Amino acid sequence: AWFFFDKPLTDVSPAEAAFLAALPNGPSRLNPHRHFDRAKRRQLTILDRMRRLGWLNADAHRRACAEPIALHRAGRAFAAAHFVDLVRQQREVKTNVRTTLDLPLNRFVDRTLSNSLDRLTQRNVSNGAVVVIENATGNVLALVGSRDYFEAESGQVNGAWAPRSAGSTFKPFTYLLALESGMTPATVIADVPTDFATSTGVFSPQNFNRQFHGPMRLRLALANSLNVSAVKVLEAAGGAAGLQNRLRECGLTTLGAKANHYGLGLTIGNAEARLLELTNAYATLARMGVHRPVRLLAGDPTGARRIFDARHAWLIADMLSDNAARAQSFGWESALAFEFPVACKTGTSSDFRDNWALGFTPEFTVGVWVGNFDGAPMQNVSGVTGAAPVMHAVMEHLRARFGTTDFVRPTGMVRAEVNPITGRRAGQGVAEWFVADNLPPREMPDDFDADGKVKLGADYAEWFAGADNTLRKHAVLDVAQAAKVRVLSPLPGTVYYLDSDLPPSSRQVRLRVNATSARWSSQTLECVARDGDVFVRLQPGRHRLTAEVDGQRLETWIEVEEL
């Protein structure tokens, strides 16, 4: 049934069953690829006998005899060709090996990808790849590397292993770094037009929809895949070196350049990833922070090691599976919406050249890439419209076949109400999960004006006056509040990673307050004034920094680690 019709025996029609029953009487003489007419005559004889035996009524017999027989494409010498190629490339293959592949699942994935790509052909989409990993073992259960391995032009390119632009797929790991540095899902980031100084000039990221959203809690910023917020979060969490290091720990081998080559743009897709490695990195999140190597053969190693705190990994899974949180950008009924818990993330590279969808349950992780192997742009096909429908179909199939469970919440988590604009704990607000020893402060009367509106600082001035502002009924711009002296950088708890290969000039951070001048000091680090700015020279350890402004003392602290 699989060979001739590409389906299980349980799915064949009476006409197809009779056709298969005809073949054993003369496998060579009745080979349908060579002697179709002979096989067809024998099938009709069998259908007549089924009618006489009462196995088919007259109407069913008539329909079976008239049913066209569509044979599966011939000439495929082996199944799961890309998987087999990868095994041969990466493993020492003996005469007999036992792989981790689930062949029926791989065939379903192959058909699903092909059918989805058929619907996108008119939008200049020619190829895709899919990987399915069993989280408990690291076993690769399915791997399809292209639309058709036997297509002459590029079918044998393995899209599951070819490096492609990562789009937004690194963002969950950026936010995980933020949680490690002391932020929470309720920490508020100003999603407003922002310029970032880099070694190559000024970097001004834009959101996918070209809009800005003002005060955004981390949960909403991640769920809606906001670029400006992600860059700000990465900057506050220590920069590109930390993210690069954690992605490498998760098994990514494509980040070979120095961290300053990527800069803050690493979080929004200026690097490449392999689908197989990226899918396994997401499986690390699904395992609540435990990394396992992918397994192609039954004899591959099964070692596991913890990379992330289970509480932080659970919070990321909870945010990525929150359909209400992402509805602002993706709507309520996108391909990311499920009736069971699935943590999802999409990604789209510049000019729609690549798009991704990754999803995980406690049991399985599915990764999908869709694009063109020659790098040609697709016609307005994003991750949620190109790759996500494939991921969704595979996830539904896995659930139907194997079942699923919810993510088990680790101990040490508490739920609290927060103000949706300030992120501070409130008597009434929106419910949020926190690590028990890292709750946000309670809201204060000074957070509101006389009418009960939230007071926003000067960081929001341009956004507040613009068309993107949707909070005029709930917030007011308070320049006086913004004028209160505060540390802008580094934020308390920021972690910096030192790369020993980088020059000493890179081992320093600019110190900033929202005032014209400040006197900075530290008992453990050297603060240096240069060209009107103040920098601190970084050394490993935990350090406290003090800024004096007009008699006021402001404090912040940082951690510095060697890579």
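The values are calculated or read from the model by the stated rules, or taken from the named source; none is laboratory data. Keep in mind that this is a model prediction, so the values were computed, not measured. Don't worry about glycine lacking a Cβ; one is built from the backbone with ideal geometry, like all the others, and counts go over all protein chains shown.
Taken over segment 144-180, residues that are farther than 17 Å from Gly269 by Cβ, under 21 Å from the mean Cα position of the chain (by Cα) and surrounded by fewer than 21 Cβ atoms within 10 Å (Cβ to Cβ) amount to 2.
Identify all residues within segment 544-563 that are assigned to a strand (DSSP E or B), surrounded by fewer than 19 Cβ atoms within 10 Å (Cβ to Cβ) and in contact with a strand residue (DSSP E or B) (Cβ under 9 Å, 6 or more places away or on another chain); write none if there are none. Step through it out loud before you land on a result.
We begin by selecting, within segment 544-563, every residue assigned to a strand (DSSP E or B); these are 544-549, 552-562.
This time we only want the ones that are surrounded by fewer than 19 Cβ atoms within 10 Å (Cβ to Cβ), so: 544, 546, 548-549, 552-555, 557, 559, 561-562.
Listed by number, the residues that qualify are Arg544, Thr546, Glu548, Val549, Arg553, Leu554, Glu555, Trp557, Glu559, Glu561, Glu562.
Within segment 331-342, is there a residue that is over 30 Å from Val414 (Cβ atoms) and free of Cβ contacts under 8 Å to residues at least 12 places away in the same chain? Yes, segment 331-342 has at least one match. Taking segment 302-333 as the range and being closer than 24 Å to Ala436 by Cα, part of a loop (DSSP other than H, G, I, E, B) and not aliphatic (A, V, I, L, M) as the test, the residues that pass are Phe308, Asp309, Ser321, Asp322. Reported count of residues in segment 362-382, each being under 15 Å from Ile133 (Cα atoms) and either aliphatic (A, V, I, L, M) or in a loop (DSSP other than H, G, I, E, B) (or both), is 4. Residue by residue through segment 383-408, note down the ones that are more than 17 Å from Asn135 (Cα to Cα) and in contact (Cβ under 8 Å) with a residue 40 or more places away in the chain. Within segment 383-408, Gly383, Val384, Thr385, Gly386, Ala387, Ala388, Pro389, Val390, His392, Ala393 qualify.
Of the residues in segment 430-446, at least one is touching a Lys or Arg at 6+ places or on another chain (Cβ under 9 Å), without any contact (Cβ under 8 Å) to a residue 24 or more places away in the chain and closer than 18 Å to Ile316 by Cβ.
I need the full set of residues from segment 385-424 which are assigned to a helix (DSSP H, G or I), aliphatic (A, V, I, L, M) and surrounded by fewer than 18 Cβ atoms within 10 Å (Cβ to Cβ), in order please.
Step one: of segment 385-424, the residues assigned to a helix (DSSP H, G or I) are 388-402.
The next check asks that each one be aliphatic (A, V, I, L, M); those that pass are 388, 390-391, 393-395, 398, 400.
Across segment 385-424, the qualifying residue is only Ala400.
Any residue that is more than 25 Å from Asn438 (Cα to Cα), touching a Pro at 6+ places or on another chain (Cβ under 9 Å) and either modelled with pLDDT under 90 or surrounded by 13 or more Cβ atoms within 10 Å (Cβ to Cβ) (or both) - is there at least one of those in segment 526-536? Within segment 526-536, one or more residues are more than 25 Å from Asn438 (Cα to Cα), touching a Pro at 6+ places or on another chain (Cβ under 9 Å) and either modelled with pLDDT under 90 or surrounded by 13 or more Cβ atoms within 10 Å (Cβ to Cβ) (or both). Taking every residue in segment 282-301 that is assigned by TED's automatic domain parsing to the domain that holds Cys250 and part of a loop (DSSP other than H, G, I, E, B) and pairing it with any residue that is of a type in the set (Lys, Arg) and modelled with pLDDT under 95, at least 6 positions away or on another chain, the pairs with Cβ-Cβ distances below 7 Å are Leu296/Arg91; Ala298/Arg98.
What number of residues within segment 27-62 are in a helix (DSSP H, G or I) and either loosely packed, with under 14 Cβ neighbours inside 10 Å or not basic (Lys, Arg) (or both)? Step through it out loud before you land on a result.
Let us first name the residues in segment 27-62 that are in a helix (DSSP H, G or I), namely 36-52, 58-62.
Among the residues that remain, those that are also either loosely packed, with under 14 Cβ neighbours inside 10 Å or not basic (Lys, Arg) (or both) are: 36-37, 39, 41, 43-50, 52, 58-62.
So the count comes out to 18.
Would you confirm whether or not segment 137-155 contains a residue that is under 18 Å from Asp110 (Cβ atoms), of a type in the set (D, E, K, R) and either touching a residue at least 60 places away in the same chain (Cβ under 8 Å) or touching a helix residue (DSSP H, G or I) at 6+ places or on another chain (Cβ under 6 Å) (or both)? Yes, segment 137-155 contains at least one residue that is under 18 Å from Asp110 (Cβ atoms), of a type in the set (D, E, K, R) and either touching a residue at least 60 places away in the same chain (Cβ under 8 Å) or touching a helix residue (DSSP H, G or I) at 6+ places or on another chain (Cβ under 6 Å) (or both).
From the residues in segment 251-290 that are surrounded by fewer than 20 Cβ atoms within 10 Å (Cβ to Cβ) and either of a type in the set (A, V, I, L, M) or at pLDDT 95 or above (or both), which one is nearest to Val368 (Cα to Cα)? The qualifying residue nearest to Val368 (Cα to Cα) is Glu272. Going by the structure shown, is Leu315 over 25 Å from Ala129 (Cα atoms) and in the same structural domain as Ala257 (by TED's automatic domain parsing)? Judged against the criteria, Leu315 is a match. If the condition is being surrounded by fewer than 18 Cβ atoms within 10 Å (Cβ to Cβ) and part of a loop (DSSP other than H, G, I, E, B), then segment 427-449 contributes Gly427, Gln428, Ala436, Asp437, Asn438, Leu439, Pro441, Met444, Asp449. Looking only at segment 344-362, residues that are surrounded by fewer than 24 Cβ atoms within 10 Å (Cβ to Cβ) and at pLDDT 95 or above come to 1 in all.
Return yes or no: is Val394 farther than 30 Å from Leu113 by Cβ and within 33 Å of the chain's Cα centre (by Cα)?
Values: farther than 30 Å from Leu113 by Cβ: no; within 33 Å of the chain's Cα centre (by Cα): yes.
For Val394, the condition - farther than 30 Å from Leu113 by Cβ and within 33 Å of the chain's Cα centre (by Cα) - is not met.
Of all residues in segment 450-469, exactly one satisfies the criterion of being within 13 Å of Phe212 (Cα to Cα) and in contact with a His (Cβ under 8 Å, 6 or more places away or on another chain), namely Asp468. Total residues in segment 510-552 satisfying the condition of being closer than 15 Å to Val487 by Cα, touching a residue at least 40 places away in the same chain (Cβ under 8 Å) and among the aliphatic types (A, V, I, L, M): the figure is 4.
For segment 363-384, taking the residues that are under 15 Å from the mean Cα position of the chain (by Cα) and modelled with pLDDT of 95 or more, the one that is surrounded by the most Cβ atoms within 10 Å (Cβ to Cβ) is identified as Val368.
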